[in-house]
Amino acid sequence: MHLQELVDILARELSGERTKKLTGRLSQYHRIQASKEFLTVVELLKDELKIIGDDKYQIHEYIADGTKRYYSWNSPISWDIESGSLKMVEPEIKNLCRFTEVPESICTHSKSTEVTAEVVHINEGKREDFEKTDVKGKIVLSSASPRTMIERLHENGAIGIIAYPSEQRAKGYLEMIQYVGLWPNADNVDKSTFGFSLSRKQALEIINHIETGRKVIVKAEIAANLYKGKMHVLSTKIEGCKKPEEEIIVIAHICHPAPSANDNASGSALLLEIYRTIKALIDKKIVEQPERTIRFLWVPEFSGTLPWIEENVKSNSFTPILCLNLDMVGEHPSLVGYPFTLNKASISTPTFLNDLISEIIDKVKDNNAVIEQGGWQFPWNFRIKQFAGGSDHLLFNDEPTRIPSVMFGHPDTFHHTNLDTIEKVDPTTLKRVGCTAVATVLASSFTAEYSKEVQRICIKGLQKRKGLFLEMLTSELNHLKEIESESDKKLNSFLLNQIINTFENYEKKVFRNIAKTFSNLDTELVEFVNNDLENFKQSIQNFVETINEMEIDEEVSELLHKVPVRKWDGPLNSKIIYQALNAPESLKESAKFTEEKISEIKQLAKILMKNYGGLTFEIINLIDNERNINEILLNLGLIDWKLLPPMSLLSFIEMLESLQLIEY
């Protein structure tokens, strides 16, 4: 069977309409991690699996007490809420929010309270804001994230917080209410408090009262429970008939407050539909039993995935080979507006997967059979972008599994707000994403059936990347002429003279990944690739002969050849890195960084924070205890086809050492 035939078959079986209906059901539940209502949804999905005929499902149970650590991550504390409301009593009587109407209006992990108190405005909640305002015994109004404020509120005697969106976040949607929380851990739970989330429109009304000299008094009531509990992961599998230990993982997170329809009731519902579709095709003997195991995981994002990974890697029979993450996969093209996005696998895990999915998207995008009658009737708007942070695929891409991991999703103005509602979910989008995911999974689950087609697809991808690489070299050679600093010019020249080898090595690893995953390879195609790369390399070397390979500074040369070694186990908890990137001035004292180094980190931070920190995680992924800094720099150049500022990256690596994350 060819991929086009497979897509056509899937279009007849997979239902976007059915997926949207389930998305609507899931969106009615307040699905906070490690809560009773999260478990209710797990049980609901389990019952749906049983109806389909599944007998391999498992509900995994893990500790959620704020103290238990999975790798370098703390588990959340269990939290349930019964009710909550905020009412203004002065200078006017007015209901501000009720949990029963807008669940997002109560900050997750709020403690119970019944208090009447004055509200004071502290802007962004910086230290100087607290210094200018007496907050003792009062509730503060701030655009800061409540989870970052626990210590500061406690230190200054504030009794609670009301959060509201920044001007940028609420642009065009003044009545938007954010999903925010306090998220205490065992170390600060005693200092934690309660919180509410209001719209920017409501906040501006309160601020206007305060600025015109009117005291604002509110009555806050919350009935909630923080406790040592459990979190749950639902898993099932379609077992492989030849290589059952090799698992293809498809994952979606259940969690987030009601409604959170696209984020991520859509991914959770589509994961069930993907399971149903594959099982139905096997039962009808339209497709054969897959040779590899296909694993389906419904998780609390990050917090449940980590213990599941830790539990399974202890098994010698667990050999995952790739991961697809479904996160916000149903956005309506006109009501949300952003295109579907495939975030590719990391540069650290060379794979056929990026090219394969891109090819399948091409076969789905204009296929009329993948349009639902009640859904979007026009062509598929999509983007294929580089590796991104932000969700569970990160954990599989990192240690200890280090498998190619991609994310299917959409940017979405409404995510993490009360405006992420079911009418913004489109059944055609769900069907298109579902068909793409199933075709990818099935093509990867057989060793021979799609092997030659995958080879040809990757050769096509190679030709495209050759063109991008040539464009990059042309651009970098022009940039070289503009560099004024002699030392910077030497370093860039040094890197450009080597990057062709990095490109060649990466492409050879892609084809080695094909050879490892598939059998029945076309030997003529293999020979073609080797000859093609060799000829291309020779042409490029002639092209860059104009660059003199300059001697770089001895100190820089020594640093480039150092191999950074991880000082943590498992996937990295990047919180400490983000704190440093957001406040690099703190490194002046803690790490004795010069103003020049701090400036370099600030320059790089603007790049690293984009795409949910995708490049930050690329650097972390490339630190594998084998690559030296020079190799890391060169590989990073192949991500966006542009050399990152070398000295800035060297300062970033030095920052990691100062944070005691790496050693040499």
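Every number here is computed from the coordinates shown, using simple stated rules; none is lab data. Just so it is clear, the structure is predicted and the values come from calculations on it, not from any experiment. Please note: Cβ atoms are built from the backbone with ideal geometry, for glycine as well, and neighbour counts cover all protein chains shown.
Numbers at a glance
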item	result
Violating pairs (Cα-Cα greater than 18 angstrom) within the set K68/K228; K481/K642; K46/K285; K385/K509	K46/K285; K385/K509
Cα gyration tensor category, rounded, prolate or oblate, for the stretch 554-664 with a/c compared to 1.5	rounded
C-alpha center-to-center spacing [the stretch 324-373, the stretch 610-627] in angstrom	23
Set K50/K424; K344/K610; K243/K365; K132/K602; K94/K215; K171/K610 screened for pairs whose C-alpha atoms are more than 26 Å apart	K50/K424; K243/K365; K132/K602
Sites M609 and T40, calculated FRET efficiency, Cβ-Cβ separation with R0 45 Å, nearest 0.05	0.80
Value at 222 nm in deg cm²/dmol, rounded to 500, when DSSP H runs of n ≥ 4 in the chain each add -39,500 (n - 2.57)	-13000 deg cm²/dmol
Trypsin sites (Lys or Arg not before Pro) within the stretch 231-290, DSSP loop, no more than 16 other Cβ atoms inside 10 Å	K242, K284, K285
Note, ³J(HN,Hα) from phi for the stretch 45-58, Karplus 6.51, -1.76, 1.60, rounded to Hz, x at Gly and Pro	5, 4, 5, 5, 4, 5, 4, 5, x, 7, 10, 10, 5, 9
Distance (nanometres) between label positions extended 7 Å along Cα→Cβ at N530 and F378	5.0
Global geometry of the stretch 356-420, whether rounded, prolate or oblate, following the gyration tensor of its Cα atoms and the 1.5 cut on a/c	oblate
Pair Y227, K460: separation of 7 Å Cα→Cβ label points (nm)	5.6
Simple label model, 7 Å out from Cα along Cβ direction - E175 to D134, nm	3.8
Relative contact order computed over the chain (Cα-Cα under 8 Å; 6+ residues apart), in percent	16
The stretch 99-209: C-alpha gyration tensor shape, a/c 1.5 cut-off, then a/b vs b/c	oblate
Alpha-carbon centroid distance for the pair the stretch 16-55 / the stretch 426-480, whole angstrom	33
Computed E for T148/E558 - FRET, C-beta separation, R0 35 angstrom, nearest 0.05	0.35
Segment E484-V313, extension gain: residue separation times 0.36 nm, minus the distance between their alpha carbons	56.5 nm
Distance between the stretch 642-660 and the stretch 147-212 - C-alpha centres, whole angstrom	34
Sites L477 and E61 - FRET efficiency at Förster radius 56 Å, r taken between beta-carbons, to 0.05	0.45
DSSP-defined antiparallel bridges as percent of all bridges, the chain, nearest 5	55
Residues in the stretch 636-664 reached by a label modelled at K588 [backbone nitrogen below 20 Å; 7 Å Cα→Cβ]	648, 651-652, 654-656, 658-659
Extension reserve of the D190-E663 stretch, reckoned as 0.36 nm per residue once the Cα distance is removed	166.8 nm
Cross-link reach list, aspartates and glutamates versus K575, counting only Cα pairs under 18 Å and skipping chain neighbours closer than eight places	E151, D187, E301, D392, D398, E399, E585, E618, E654, E657
Contour minus Cα-Cα distance for S72 and E114 (0.36 nm per residue)	11.5 nm
Packing-based order for 138-147, 644-653, 506-515, using average beta carbon neighbours within 10 Å, highest first	138-147, 644-653, 506-515
In the stretch 358-394, chymotrypsin sites (Phe, Trp or Tyr not before Pro) in a DSSP loop with at most 16 other beta-carbon atoms within 10 Å	none
Cleavage-rule hits, GluC sites (Glu not before Pro), the stretch 215-258, DSSP coil, Cβ neighbours within 10 Å at most 15	E239
